[in-house]
Every structure is written in C-alpha cells, then in structure tokens.
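What follows is calculated from the coordinates using simple rules that are stated; it is not laboratory data. Keep in mind the model is a prediction, meaning the values are calculated, not measured. Here the Cβ positions follow ideal geometry from the backbone for every residue, glycine too, while neighbour counts run over all protein chains shown.
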C-alpha cells in the first residue's frame, strides 16, 4: 500500500498542474509587484530603477493616497459594523424562529450570489434623486422629505452611500457563520444558567458571547480584509468621485496603474494593500486576545 | 434554545420580517421593474408596479445588444475554469492528504496562503505578462487567474473531505491490484461527490459574477463577459437605460439563482468555508 502511494511520478503528475497555475497566477505576480514597485515605468518605455522613491512619494507627499487611506478606514468600519453586528442580530433572531428557518436563511443569503455590477446598478437607482429613487421616496413618505438628497454626489454622504451596498450584500454570509456558532452551544449550559435565574441579556452577554468569540473574531477579520480590498462597487458607482470623497486605496491603485499608466507607483500601492491586510489581521487577533484576559 | 414568549416574540417576528424585506425586496424590485416601460421610470413613485407589463426591455436587450455573445463567453469561462479547478484541486489534495510526502504540509500551507491574497496585487503583473504573450483580450486571460485564485479554498475543501476516507478501503483496493491512478479515479474521486458539488456551485457563482479581471484584461466586445456587459446600457452623459439594465440583470442572474435554489446548502457551505478559513 505504502509502496503504491509513495509513487513519486504519480505525485508529481497530480500536483504539478495545480502548483504551476497557482505559482504563475498568484505567487509569482506578488513578487513581480514587489519588484515593479522599485521602478518608474509606464509599460512602454524602459524601466527606470528608482529605489524606494515610490514608497517615499506614497507615504510622504501624496495627499490623495492619505485621503484614500482614511476613506478606506471609514469604508471598512461601516462594512464591518453592518456585516458583523447586523449579521449577529439576525442570527440571534433566527435562533428564536421555529418555523421557516431554512427558507429565511436561503432568502437572506440571496444578495451574496449576485454580481457586484448588478448590486452597484441597483443601488444607483436606490440613491437616485431625479427621478426620485427608492431611498428618497421612502424618506418623503415618512415625512422626512427634507433629508432627501442626491446621495452619491453629496460630498458628506457619498462615502457612506458607496459603503452600504457592500455591507448589505454579505450580511447573510456572516449571519449564517454566527448562527452556526450560536446553535452549537450545548443546550444544557443554557438550561443551567436559566435555572440559576439568568436573564436573556445576561445569558447572552456572559455565556453566549464568550462561547462564540472565536467565530466572532474570524468574522471580524474576514469582514475587515474583505472590505480592505473592496473595489467593484465604489469603482462602478462613483469611480472615486465626486472629487476624491469616495476614493479608496484599491480604486486609486487601479486608476494609477491602468489610467495614468504608472505601473511602478501602482505596484507600490498594491504591495501596501497586501501588507495592510496582514497588519489588520494581526491587530484584530491581538485586540481580541487581550480582551479575554 | 432560548425561549421567548408573547409580546417580545411578536416584536422579534416583526423585526425579522422587516430585515428580510430589506434584504430580499430590492432583488424582487429589479425583477418587477424589468417589465416597466420608459414612462414608469421617470415617474415619481419608484416602488409602483409597472403601469403596463411589457416584454420590450427583454426583447431589446436580446435583439439589439450583445447579450448572446456575453452569455456564451461567460459560459465558456465558467465551464473551463470549473473543470480545471475540480481536476487540479482534487488531484493536488489527494497528493497532499493521502500520498503524504516530505513537504506535503508545506505545500498545503503555500496554497492556503492564497486565501489571504487580494486580487488587486496580481493585476499589474498579469496585465503586463498577458500583453507580452499575447493572450490579453482572450478568454484564457480570465480563465487562468480564476483557476489560480479558486485553488486554495477548493484544495482546502478536498483535503478536509479526504481526511474522512479511511486508509483501509484504499488498502483493500491496492490489494485487489489497483495502482495509484486507479485508486484515485475509480475510488477517491467518485467518493468525493459532495465536495465536488460544493466546489462546482461555489465557483460557478464566483466566476459568473467576476468583474475585476474581466474589466482589466478584456477590452474587446467579442470577449466580454456578462458582468462588464451589464454596463452597456449606460448611454452618453451617464444616462442609464434602466429598463434594459434591469432586464439584462434579470436574465443573467437566472442561472445563478437556479443553481442557488437547487443547491442552496452547498452554495452556502462553500461560501462560508471560503469566508472563515482566514
């Protein structure tokens, strides 16, 4: 048996296709990006080695970079709050529903399977001012007509407006992850706490929360890294505008590379996005761990 | 489970239902609006039903646009990507989990790193590479990176399934004279039917909806896939033909919806696995 499975040639035949495609399309390009980030290059003329100039430009003088960075933080906060908090709320609601749980889950998850282009177009319509879109129409109906505005071109609201659709579409995903964690809590733990007279809130705060904390942490990490690379919806809805109020790092990087044809600087930003995601993961783990003790 | 009764139960039901409406109604609304005529879109009640149901939008997007081309491109990309992902990841996972060799854990780790990688970081190098080797504007430029990015989670799913296959049954097959290829093709691969379904449906949805690669590597109408094609109905001055857009969204979402409602457990489990394996 061991002899059959220790077949070196077969192992290579089986492993090589996956390894080759993966190396060629995922791993090698990361290294190339790092390499390109030390050059000034428009894709046509000769590559010019400029050392860390792209990075000093990025951290030093580029105001748009920092604007995009701070926009990204707001974008991430809105999305993580929506996905994890609302996801948790719905998950708790779901544990209290007896009938139609499966149908509820299935329907709730539905927005996650639709292309981001369609989501962006749907929300463009929701936010529309002229002709009146769903959001402004609803505001008018409940007597808040004064609040109606062209959300996507309003300097104060555009960033929130492009963040909400991305948060909205994956609430169902986090709801299901957190729901599975909640229903895996053994029933006797809960009963024991009930008998001791714990209220629903206390039960949730002191018993359920600690038990689902690992899953909650994973959810926060995934929502954060997912939002850090958020691109499609802001790119399609506003393309960074008006001005730079909805510019995010991925959209800025994309425009730098493919509109301004500054491949070197674009690569430096791409490298930054990877590092930023890694730092975010480490930071969240740290925070959640220190809370425990 | 937590039991709540009477008044609070009613509140809970109302809240749950309201949240469900917020989540699902917009999708229903897109579908309803696809039957509206042009006058209905300039009206002052976006939530109203069509004043007259019309199939004009569907007729227009199908006959005037390039939707047929986009459909067949998306179909080719999806089928090719998924076949390659299934074969490559099932085989690689078999080597990693069952043919344990010295570096199998390192290879697995190398693949799992891919789950963390944001797609944006590979765009520039791949764009340059594809230009050099001349596959920009071809469907191959979409298939290759999508296979690459689908491999990590697919391999992870296959490896976790293979863990449950006992070595005894493989041993029995070997005793009967099966070689390693036969053990895989006749036994392990057919046994993993459930994992195959999960990987297929999950990737079908991801690939069908993929936007960034398609927007970056394809500039030629002939090789365009559906997501980018959905933006065709934005005319000059940014005015969108909403009837056509909603009809196009409705038609192109039908395949994913059908797959989703047929295999919703597999879709959900695949996508949550993708999200939680950080």
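Here are a few things to note about the model shown:
- Evaluated at q = 0.10, 0.14, 0.17, 0.18 Å⁻¹: base-10 log I(q)/I(0), Debye formula over Cα of the range A:90-207: -0.50, -0.79, -0.92, -0.97
- When Rg and the Kirkwood Rh are both derived from Cα coordinates, the Rg/Rh ratio for the range B:9-158 amounts to 1.15.
- For the range A:164-293, fraction of C-alpha pairs farther apart than 25 Å, in %: 46
- Spacing of the modelled spin labels on residue B:171 and residue B:138, each 7 Å from Cα toward Cβ, amounts to 4.9 nm.
- Each label was represented as a point 7 Å from its Cα along the Cα-to-Cβ direction; for residue B:76 and residue A:261 these points are 2.9 nm apart.
- Over the range B:170-233, volume per residue of the alpha carbon convex hull, in Å³: 120
- Spin-label proximity, residue A:189 to the range A:83-116 - amide N less than 17 Å from point 7 Å beyond Cα toward beta carbon: A:92, A:95
- Both radii come from the Cα set of the range A:103-147: Rg as radius of gyration, Rh as Kirkwood radius; their ratio Rg/Rh reads 1.13.
- Rg ratio (alpha-carbon, reference 2.2 N^0.38 Å) - chain A: 1.25
- Nearest-ten-degree value, helix B:6-33 long axis tilted from longest Cα axis of chain B: 80
- Residue A:282-residue B:112 FRET efficiency (beta carbon distance; Förster radius 25 Å; 0.05 resolution): 0.90
- Rounded to 10°, Cα long-axis angle of helix B:140-162 versus longest principal axis of chain B: 60
- Once the Cα atoms are used to define both axes, helix B:120-133 deviates from the longest principal axis of chain B by about 80 degrees.
- Fluctuation leader among A:264, A:241, A:197 - chain A, Gaussian network, Cα springs under 10 angstrom: A:197
- Taking each DSSP H run with n ≥ 4 as -39500 (n - 2.57) and averaging over every residue of chain B yields -22000 deg cm²/dmol at 222 nm.
- The relative contact order of the range A:188-254 comes to 18 percent, based on Cα pairs under 8 Å that sit 6 or more residues apart.
- Average Cα contact separation per residue, the range B:145-246, under 8 Å, 6 or more apart, as relative contact order %: 20
- Within chain B, the proportion of C-alpha pairs whose separation exceeds 24 Å stands at 63%.
- Pairs of Cα atoms farther than 30 Å apart, the protein assembly as shown, %: 57
- Estimated FRET transfer efficiency when R0 is 45 angstrom, pair residue B:186-residue A:31 (beta carbons, to 0.05): 0.70
- Counting other Cβ atoms within 10 Å as a rough exposure proxy, the listed residues A:130, A:190 run A:130, A:190 from fewest neighbours to most.
- Cβ-based exposure ranking for B:91, B:187, B:170, in which fewest neighbours within 10 Å come first: B:187, B:170, B:91
- Per-pair calculated FRET efficiency, R0 = 25 Å: residue A:239 and residue B:131 via Cβ, rounded to 0.05: 0.60
- Computed over the range A:28-135, the range of Cα coordinates on each principal axis works out to 65, 39, 26 Å, biggest value leading.
- For the range A:70-113: rounded, prolate or oblate by the Cα gyration tensor [a/c cutoff 1.5]: oblate
- Its alpha carbons give the range A:164-238 an Rg and a Dmax of 16.7, 55 Å.
- By the beta-carbon count within 10 Å of each Cβ, the least crowded to most crowded order of B:222, A:57, fewest first, is B:222, A:57.
- Whole-number percent relative contact order across the range B:50-165, with pairs defined as alpha carbons under 8 Å at least 6 apart: 43
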